[in-house]
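Report on the structure given below.
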Amino acid sequence: MEACGRLFKDNVKLYVYPMHATAFKHYLELGHPNPPEGKSIDRLAYEDPNMKDILITADNLQLKPGIRHLYLYLKENNYIEAMQGIDISRLNIFSRDVLKLIQENKPGWKKRS
């Protein structure tokens, strides 16, 4: 809690860029092999291939109960804001994939960014 207080004390704002549910699934698979629990958009991304068109945003992000209230407090007090005017054609670019291509010195990473 102290870290959050320090982070947001000087008018810091967190702008949240949306992602497709399938990209979120890909992100979780890279770092978290256990799928999310319960009924939520991120859980549905594991179960329903038709979820690729669903965007997870700052407005519909579903969190675990332990941090949900903190997130809602920060959002309601305008410390967290959803990005507006996004380029949906760029949502298929995954920064970790591009970084891996760069690290492995593979051509084609510029095409993905």
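The values are calculated or read from the model by the stated rules, or taken from the named source; none is laboratory data. Keep in mind the model is a prediction, meaning the values are calculated, not measured. In this analysis, Cβ positions are derived from the backbone assuming ideal geometry, glycine residues included, and neighbour counts consider all displayed protein chains.
Between N34, N92, the distinction of being modelled with pLDDT under 85, in contact with a strand residue (DSSP E or B) (Cβ under 9 Å, 6 or more places away or on another chain) and either exposed (fewer than 12 other Cβ atoms within 10 Å of the Cβ) or of a type in the set (S, T, N, Q) (or both) belongs to N92 only.
Among the residues of segment 49-60, just one is over 24 Å from L99 (Cβ atoms), surrounded by 13 or more Cβ atoms within 10 Å (Cβ to Cβ) and at pLDDT below 70, namely M51. Of the residues making up segment 66-89, those that are surrounded by 13 or more Cβ atoms within 10 Å (Cβ to Cβ) and in a loop (DSSP other than H, G, I, E, B) are Y79, I86. Within segment 95-113, being modelled with pLDDT under 80 and either over 16 Å from the mean Cα position of the chain (by Cα) or not in a helix (DSSP H, G or I) (or both) holds for G108, W109, K110, K111, R112, S113.
A Cβ distance below 7 Å, combined with a sequence gap of six or more or placement on separate chains, defines the contacts here; from segment 64-84, residues that are more than 9 Å from L14 (Cα to Cα) reach residues that are part of a helix (DSSP H, G or I) and hydrophobic (A, V, I, L, M, F, W, C) in the pairs L70/C4. Evaluation of L63 against the conditions (1) exposed (fewer than 11 other Cβ atoms within 10 Å of the Cβ); (2) in a loop (DSSP other than H, G, I, E, B) shows that the sole unmet condition is (1).
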